[in-house]
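Engineer: If you scroll down you'll find the structure; I have some questions about it.
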Amino acid sequence: MSDSEEQLYAELWVSLASLLRSYTAVRGLSGRQQATVELGEERILVRCGEDWLDLHRAGAEVNWRREDGRAGMLEFTEAGRLGSRDPRSQNRDLGHPGEEEMDMAAEAWARELMQ
């Protein structure tokens, strides 16, 4: 992977954390729960009560795990989306296989975490 590609995926990673912060904050306004979002170079951890979402990044790959044992792998595209390598997969609860805008994925994760 070139330096410019790594920089792109690092920037997308920070953007994903920011989107998760925004969507969990908005959801927290209408509820009694608040979420915390911890950002590292290779890890984002979102917690809300007993629920959590743990994301790990290696280049463009994003591996995710949930407190209930669900897990999967997505990857950043150069267009700034999150996609599944396996077009038959319904990786995470994207609602459909293939690619999804990062903001839609972050909103879905926030909604799920803060039910």
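Engineer: Using only helices, what value at 222 nm comes out for the chain when you add -39,500 (n - 2.57) per DSSP H run of length 4 or more and divide by the total residues, to the nearest 500 deg cm²/dmol?
Structural biologist: -11500 deg cm²/dmol
Engineer: Roughly what angle does helix 3-29 make with the longest principal axis of the chain, taking Cα atoms, 0 to 90 degrees, to the nearest 10?
Structural biologist: Once rounded, one gets 20 degrees.
Engineer: Report the rotationally averaged projected area of region 3-113 based on its alpha-carbon convex hull, in square nanometres.
Structural biologist: 6.5
Engineer: At a threshold of 8 angstrom on Cα-Cα distance, excluding pairs fewer than six apart, so keeping six or more, what relative contact order does the chain reach in percent? List each step's numbers first, then the result.
Structural biologist: Numbers: 186 pairs, mean separation 26.1, N = 115.
Once divided by the residue count of the chain, the mean separation gives 23 percent.
Engineer: Sticking with this one: Can you give me the angle between helix 102-113 and the longest principal axis of the chain, using Cα atoms only, in degrees from 0 to 90, rounded to the nearest 10?
Structural biologist: It works out to around 30 degrees.
Values in this text are rule-based calculations from the coordinates and carry no lab data. Just so it is clear, the model here is predicted, and its values are computed rather than measured.
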